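Down below is the structure, laid out as structure tokens.
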Amino acid sequence: MRLLILEDDPQLGDALATGLRQLGHAVDWFGDGGEADAAIERAPYDAVVLDLGLPGTDGMVWLGRWRARGLALPVLILTARDVVDQRIAGLDAGADDYLIKPISIDELAARLRAMLRRATGRAQPEWTHGALAYDPASKRVLWQGRAVELTARELALLEALLKHPQRVLSKAQLQEQLYDWSGNEPESNALEVHVHHLRRKIDPGIVRTVRGVGYALGAPQ
Ligand code: CA
């Protein structure tokens, strides 16, 4: 998943970004609401983690503006303990879920998975496509019942394709889902290499090349 975090506390922001990256997500962390607001229009985020207590413009105000602009992406708010009113107001303002500080990374990751599942209209925690089964919680991939070992980037690519099984995604769109802005610019042919590995490790037909456009998931087998 590509995630945006808006959290002004440097320690918590850094811990959340580091923890979520270790779980294989691409994460952009902002301490400033204006910067997060600009980024949200520029990158294809899957979800936002929003702290409500921000200096200057409050998190609730940003949430209200995003929803007023028609931004539909899932938002999880971070709130302090003992502020039930704030949580209710946040949910009513368009938040999809909340977590109370202190935050457990594992719980945050599980809630983000659940939000993505709902946002993509899935009922089952496991994603399937023909003989392919993918469990985003354990990162386990099965092809015709056989376990497939994939690297973090290969998993992220597979997840990006599985999220929209009917869609052809351009190289740029896929790269935006795999890489955040933390500085590690991908090699120019990195995506082709990952596609090659998915075909070799899973099945040659798992990823379809659409000439001049990009890649799509192959027909379910
Ligand atoms: Ca704060």
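At a glance:
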quantity	calculated
Within the range 200-214, tally of residues that are among the charged types (D, E, K, R) and either within 23 Å of the chain's Cα centre (by Cα) or not assigned by TED's automatic domain parsing to the domain that holds residue 169 (or both)	1
First in the range 19-37 and among the β-branched types (Val, Ile, Thr), second anywhere and modelled with pLDDT of 95 or more and surrounded by 17 or more Cβ atoms within 10 Å (Cβ to Cβ), Cβ under 6 Å, 6 or more apart	27/3; 27/17; 27/20
Positions within the range 47-77 being in a loop (DSSP other than H, G, I, E, B), open to solvent by less than 20 Å² (accessible area, probe 1.4 Å) and away from the ligand (no atom under 15 Å from the Cβ), in sequence order	74
Those residues of the range 144-160 which are among the hydrophobic types (A, V, I, L, M, F, W, C) and open to solvent by 10 Å² or more (accessible area, probe 1.4 Å), in sequence order	147, 148, 150, 152, 155, 156
Lone unmet requirement of (1) open to solvent by less than 50 Å² (accessible area, probe 1.4 Å); (2) touching a strand residue (DSSP E or B) at 6+ places or on another chain (Cβ under 7 Å); (3) assigned by TED's automatic domain parsing to the domain that holds residue 6; (4) of a type outside the set (S, T, N, Q) for residue 141	(3)
Hits in the range 11-28 (condition: open to solvent by 10 Å² or more (accessible area, probe 1.4 Å), of a type in the set (A, V, I, L, M) and under 18 Å from residue 160 (Cα atoms))	23
Selection status of residue 15, within 15 Å of the ligand (Cβ to nearest atom), under 24 Å from residue 179 (Cα atoms), assigned by TED's automatic domain parsing to the domain that holds residue 116 and in a helix (DSSP H, G or I)	yes
Qualifying residue in the range 177-200 (condition: buried (at least 19 other Cβ atoms within 10 Å of the Cβ) and among the hydroxyl-bearing types (Ser, Thr, Tyr))	yes
Of all residues in the range 78-102 being surrounded by 16 or more Cβ atoms within 10 Å (Cβ to Cβ), under 18 Å from residue 13 (Cα atoms) and of a type outside the set (A, V, I, L, M), the one that is nearest to the ligand (Cβ to nearest atom)	79
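The values are calculated or read from the model by the stated rules, or taken from the named source; none is laboratory data. Keep in mind that this is a model prediction, so the values were computed, not measured. All Cβ positions, glycine included, derive from the backbone under ideal geometry; neighbour counts span all protein chains shown. Just the protein is used for accessible areas: all its heavy atoms, side chains included, with ligands, DNA and RNA removed. Shrake-Rupley method; radii C 1.70, N 1.55, O 1.52, S 1.80 Å.
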